[in-house]
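Chemist: Once you've had a glance at the structure underneath, I'll fire off some questions.
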Amino acid sequence: MSNQSSREACFRTTIGGQALIEGILMRGPEKQAIAVRRPDGGIELKVEELHLIKEKYPILGLPFIRGTVIFLDSMVKGVKALMFSAEFYPEYEDEQAPSKFETWLEAKLGTEKFNQALIYLAVALGIAFSVGLFILLPALIFGLLQNVISSFLVRNLIEGVVRIVLFLLYVIVCSQQSDIRRVFSYHGAEHKTIFCYERNLPLTVEHVRDMPRHHPRCGTSFLFVVMVIAILVFSVVRVKNVFAQLLLKLLLLPVVVGITYEINRYLGRHDHLLSRVCAAPGLWMQNFTTHEPDDSMMECAIAAMKAVIPEKAGQDAW
């Protein structure tokens, strides 16, 4: 998306989304909606009221704390939505018979608690994979090279660059998979629909089709900024023991996510040179994480968007 396109937005909405299997999740200030294209051609729409954990525990809504809480909450809700969309397409699910452990666990917990356990397990495994590949692996490699590269700052900088390169390669490789390409097309539909709404245009396929698919407030940009902030935060780790380095960097991850969230929150509310420079890498990465959607994909995104727009105008503004 061009800088001019970003500045033309009539306002900035806090409504965000996520691409699913043949569908879209949209999340507004009060509700979230899942719109899935069923195999029969219809759209299955599921709308839920949002209950934020900070309503029960206000301390979790404080700056620099809320970032990690919101990130984890979004992951849990995202996995739930992904599992819901997969129910309509059995080919995406594991066709193997459940193991004896799974059968025993479901019998002990019950179907609902078993499904809840699977969701949290999927989130934990996803976080473990991401942290292991993009944080711990580079840290371990360069921790073992401390006798070759004696400077903490130089080693941390090179480690951060390697981490970013790994992330870029992972995204690019994933974008080449045919099934993932369709998901990324739904990602494009999500962005185009949000742009259409922000410009106060009618939410129709005709108007959505003309919108850019690159959006500056995308989660892709958030993840890229996490990588950059990690370079700065991890520079405080100056112990020589490799395993102590790994532990300290794990403990600092919530700090990295919290700082990144506050930066993105500020940049999302403003349009100036700094915000456009910070958004540029994420916009470039969206060349791989978004593709042009077809009309049926845009219809799903529109259905989900309409379901979460608050009744009171401006309630979702940044």
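Chemist: Restricting to the range 40-78, name every residue that is over 30 Å from Ser296 (Cα atoms), in contact with a helix residue (DSSP H, G or I) (Cβ under 9 Å, 6 or more places away or on another chain) and part of a helix (DSSP H, G or I).
Modeler: Ile53, Lys54, Glu55, Leu60, Gly61, Arg66, Gly67, Thr68, Val69, Ile70, Leu72
Chemist: Against the condition among the acidic types (Asp, Glu), assigned to a helix (DSSP H, G or I), open to solvent by 30 Å² or more (accessible area, probe 1.4 Å) and out of contact with any His (no Cβ under 7 Å at 6 or more places or on another chain), how does Asp179 come out, does it pass?
Modeler: yes
Chemist: Testing Thr13 on (1) over 18 Å from Glu198 (Cα atoms); (2) modelled with pLDDT under 95; (3) buried (at least 21 other Cβ atoms within 10 Å of the Cβ), one condition comes back false. Which one is that?
Modeler: So the condition that Thr13 fails would be (1).
Chemist: Another question, if that's okay. Taking Ala33 as the residue in question, decide whether it is more than 12 Å from Ala303 (Cα to Cα), open to solvent by less than 30 Å² (accessible area, probe 1.4 Å), modelled with pLDDT of 95 or more and in a strand (DSSP E or B).
Modeler: Here the answer is no, as Ala33 does not meet what is asked.
Conditions tested, residue by residue: (1) β-branched (Val, Ile, Thr); (2) in contact with an Asp or Glu (Cβ under 6 Å, 6 or more places away or on another chain); (3) farther than 24 Å from Glu22 by Cβ; (4) modelled with pLDDT under 90.
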site	(1), (2), (3), (4)
Leu45	no, no, no, no
Lys80	no, no, no, no
Ala128	no, no, yes, no
Leu140	no, no, yes, no
Asn147	no, no, yes, yes
Ser150	no, no, yes, yes
Leu153	no, no, yes, yes
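Chemist: Collect the residues in the range 229-251 that are buried (at least 16 other Cβ atoms within 10 Å of the Cβ) and assigned to a loop (DSSP other than H, G, I, E, B), keeping them in residue-number order.
Modeler: Once the filter is applied, which keeps residues that are buried (at least 16 other Cβ atoms within 10 Å of the Cβ) and assigned to a loop (DSSP other than H, G, I, E, B), the range 229-251 yields only Val237.
Chemist: If you don't mind, there's one more thing I want to ask. Kindly indicate which of Ile119, Ile164, Ile127, Ile158 is open to solvent by 60 Å² or more (accessible area, probe 1.4 Å), assigned to a helix (DSSP H, G or I) and of a type in the set (Val, Ile, Thr).
Modeler: Ile158
Chemist: Further question on the same structure: Step by step: first the residues of the range 266-292, then only those that are open to solvent by 20 Å² or more (accessible area, probe 1.4 Å) and outside any helix (DSSP H, G or I), then the one that is farthest from Ile229 (Cα to Cα). Which residue is that?
Modeler: Out of the qualifying residues, it is Glu292.
Chemist: Could you please find all residues in the range 142-155 being among the hydrophobic types (A, V, I, L, M, F, W, C) and either under 29 Å from Ala35 (Cα atoms) or open to solvent by 80 Å² or more (accessible area, probe 1.4 Å) (or both)?
Modeler: Within the range 142-155, Leu144, Val148, Leu153 qualify.
Chemist: Of all residues in the range 297-318, which are open to solvent by 40 Å² or more (accessible area, probe 1.4 Å) and not β-branched (Val, Ile, Thr)?
Modeler: Of everything in the range 297-318, those that are open to solvent by 40 Å² or more (accessible area, probe 1.4 Å) and not β-branched (Val, Ile, Thr) turn out to be Glu299, Lys306, Glu311, Lys312, Ala313, Gly314, Gln315, Ala317, Trp318.
Chemist: Name the residue, out of Leu223, Leu133, that is part of a helix (DSSP H, G or I) and loosely packed, with under 15 Cβ neighbours inside 10 Å.
Modeler: The match here is Leu133.
Chemist: Another question, then. Give me the residue from the range 303-312 that is closer than 17 Å to Arg12 by Cα and in a helix (DSSP H, G or I) and, out of that set, farthest from the chain's Cα centre (by Cα).
Modeler: So, considering only residues that are closer than 17 Å to Arg12 by Cα and in a helix (DSSP H, G or I), the one farthest from the chain's Cα centre (by Cα) is Lys306.
Chemist: So if I check each of Phe101, Phe84, Phe71, Phe88, which one is at pLDDT 65 or above and more than 22 Å from the chain's Cα centre (by Cα)?
Modeler: None of the others qualify; the one that does is Phe88.
Chemist: May I pose another question? Please go through the range 191-211 and give me each residue that is in contact with a His (Cβ under 8 Å, 6 or more places away or on another chain) and either assigned to a helix (DSSP H, G or I) or surrounded by fewer than 18 Cβ atoms within 10 Å (Cβ to Cβ) (or both), ordered by number.
Modeler: His191, Ile194, Phe195, Cys196, Leu201
Chemist: With the requirement that a residue be out of contact with any Asp or Glu (no Cβ under 7 Å at 6 or more places or on another chain) and open to solvent by 70 Å² or more (accessible area, probe 1.4 Å), what does the range 50-61 give you?
Modeler: His51, Lys54, Glu55, Lys56, Tyr57, Pro58, Ile59
The values are calculated or read from the model by the stated rules, or taken from the named source; none is laboratory data. Keep in mind that what you see is a predicted model, and the values were worked out from it rather than measured. Counting neighbours? That spans all protein chains shown, and the Cβs are built from the backbone with ideal geometry, glycine included. Surface accessibility is based on the protein's heavy atoms, side chains included, excluding ligands, DNA and RNA. Shrake-Rupley method; radii C 1.70, N 1.55, O 1.52, S 1.80 Å.
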